[in-house]
Amino acid sequence: MGGGLAATLATARTLHSAPLEVIEMRGTPRGERIWFSPVGLAVAPGTVLRFVNRDPVNSHTATAYHPENFDRKRRIPLKASPWDSGFLLPEESFEVVLDVPGVYDYHCIPHEMAGMVGRIVVGQPDTPGFEDASSASDDLPPGALEVFPAVPDILARGRIEGDAG
């Protein structure tokens, strides 16, 4: 039992010492516009990503595009684990750690049609095993395709804010 406790504490300490990035789920006061902020983010492998619902009127999800998540086409690296936060009420949060280098696209299940999507780039294109953005687009609503920032823009800026505009 003591060894298990020590392993748990070591894991907790490691998790808290890893870099942390917050991605907010936002919305206008009457709910006519919703978005992730940032919409594009570059991080190092092992970064903790915390999705926080800051929208006072809507629940949201942070859901990776992957066949395990509602049979969607894969838009994350092949060796990466898919995630789905489930519905988050205002001020609730969800954390995930992305270790596999590459491009991760995700969406909010009820608001994907309105363009509530985001893109995370883990590592750099010259990182061994890096998998670039998926070119599959036949199962995405047109509004979503227009929102994904280009990978070179994310890498150049590090963070591309989403907004109500």
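The values are calculated or read from the model by the stated rules, or taken from the named source; none is laboratory data. These numbers come from a predicted model, not from an experiment. In this analysis, Cβ positions are derived from the backbone assuming ideal geometry, glycine residues included, and neighbour counts consider all displayed protein chains. When the accessible area is computed, the model is the full protein with side chains, heavy atoms only, and any ligands, DNA or RNA have been set aside. Shrake-Rupley method; radii C 1.70, N 1.55, O 1.52, S 1.80 Å.
Checking each residue of region 3-24 against the condition of being modelled with pLDDT of 95 or more, open to solvent by 10 Å² or more (accessible area, probe 1.4 Å), in contact with a helix residue (DSSP H, G or I) (Cβ under 8 Å, 6 or more places away or on another chain) and within 20 Å of Val147 (Cβ to Cβ) gives no match. All conditions in (1) assigned to a loop (DSSP other than H, G, I, E, B); (2) over 23 Å from Arg26 (Cα atoms) hold for Pro149, with the sole exception of (2).
Pick out, from region 25-66, the strands (runs of 3 or more DSSP E) lying fully within it that include 2 or more residues that are open to solvent by less than 10 Å² (accessible area, probe 1.4 Å) and out of contact with any helix residue (DSSP H, G or I) (no Cβ under 6 Å at 6 or more places or on another chain). Let's see the steps before the verdict.
Numbers: elements: 34-37, 40-43, 47-53.
Strands (runs of 3 or more DSSP E) meeting the threshold: 47-53.
Once region 97-118 is narrowed to residues that are touching a helix residue (DSSP H, G or I) at 6+ places or on another chain (Cβ under 7 Å) and small (Gly, Ala, Ser), the residue that is surrounded by the fewest Cβ atoms within 10 Å (Cβ to Cβ) is Ala114.
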